[in-house]
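To start, the structure itself, in structure tokens.
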Amino acid sequence: MSMKLKDFMCFLHGNKLIDLHSLLKKDEVGCINRLKLQKYVYLAQTCLDNDFGYEYSVYNNGPYSPELANYYYETIDISRINADIMKKNWKLDNSFTKRFLDLFKNKELEWLVIASTLIDSTKYFEDEQEILNKVYAIKSEYSKNYIDDVWNELKNKDLVQYESGLKLNNLLSVF
């Protein structure tokens, strides 16, 4: 079973990962909640194979979906979602939600930005060092040590696919 976006948003709100009531505010709190929603949807799609159907492209704070932004700016009915939250009128996929919380519950916004940028970079680069160098360059406001720590955590949890060390072609050319 995969979760629908509305159910996922209720789940995020219920676990205090985003505040749906602040989502559309035109202040820093609203901006942070929208950014977190973007990252959580991206991570759910890429790491946990829950396809909400959103395409992402590279943007200032990592992967960004204009279609998801259009949804929460133009389509979302916060009062309806609030009623669903109050009545617990939403469906959970328990294995998905448990895994999601295990991976992402206590992560600060900076971690979400770096993690999603690293994961996205694996689509464009195969080699681990190329991925890291690209993220060091585009996220220069973060230390290399911090980026490395996030990368190592993603690797340890098998959330990134990449090549490491000698490539097979290089190895065979030695013989």
**Study point:** Angle between the chain longest axis and helix 94-104 axis [Cα atoms, degrees, rounded to 10]
**Key:** 60
Point to revise | Inter-label distance, nm, simple model (7 Å from Cα along the C-beta direction), Asp149/Glu163 | key: 3.1
Exercise for review: May I ask you to order 126-133, 51-58, 36-43 by the average number of other C-beta atoms within 10 Å around their residues, highest value first?
Suggested key: 36-43, 126-133, 51-58
Exercise for review: Quick one: which residues, 5+ away or cross-chain, put their amide H under 5 Å from the amide H of Asp127? H built at 1.01 Å from N.
Suggested key: Glu163
Study note, to complete from the structure: Here FRET efficiency (C-beta to C-beta, Arg80 to Tyr136, R₀ 25 Å, nearest 0.05) is 0.05
Revision key, fill the gap. Along the stretch 74-79, Karplus-curve 3J(HN,Hα) (6.51, -1.76, 1.60; θ = phi - 60°) to the nearest Hz, with x for Gly and Pro, reads 10, 10, 4, 10, 4, 5
Check your understanding: Any idea what the dipole of the stretch 1-106 comes to, in debye rounded to 20, about its Cα centre with Lys/Arg Cβ at +1 and Asp/Glu Cβ at -1?
Key -> 400
Check your understanding: When only Cα pairs under 8 Å and 6 or more residues apart are kept, what is the percent relative contact order across the chain?
Key -> 21
Check your understanding: Hey, what's the per residue convex hull volume over the C-alpha atoms of the stretch 1-67, in cubic angstrom?
Key -> 92
Point to revise | In degrees, nearest ten, helix 109-121 long axis to first principal axis of the chain (Cα) | key: 50
Exercise for review: Give, to the nearest whole percent, the P(r) tail of the chain beyond 25 angstrom, counting all Cα pairs.
Suggested key: 36
Point to revise | Angle between the chain longest axis and helix 28-48 axis [Cα atoms, degrees, rounded to 10] | key: 60
Point to revise | Sum of -39500 (n - 2.57) over DSSP H runs of 4+, divided by residues of the chain (222 nm, nearest 500) | key: -17500 deg cm²/dmol
Review point. Tally Lys/Arg at +1 and Asp/Glu at -1 over every other residue whose Cβ is under 12 Å from the Cβ of Leu154; what's the total?
Key: -3
Exercise for review: Using +1 at the Cβ of each Lys and Arg and -1 at the Cβ of each Asp and Glu in the stretch 1-106, identify which of Gly14, Leu43, Gly30 lies farthest towards the dipole's positive end.
Suggested key: Gly14
Revision key, fill the gap. Sorted by chain and number, the residues with a modelled amide H under 5 Å from that of Tyr59, at a separation of 5 or more or across chains, are Tyr64
**Study point:** Separation in nanometres of the label points that stand 7 Å from Cα toward Cβ, at Tyr59 and Lys26
**Key:** 1.8
Point to revise | Length gained when the stretch Leu109-Leu92 is fully extended (0.36 nm per residue, less Cα-Cα span) | key: 3.7 nm
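Here, each number is a calculation from the coordinates, and none is a lab measurement. Bear in mind that the values here come from a model prediction, so they are computed numbers and not experimental data. FYI the Cβ positions are ideal-geometry reconstructions off the backbone, even for glycines, and counts take in every protein chain you see.
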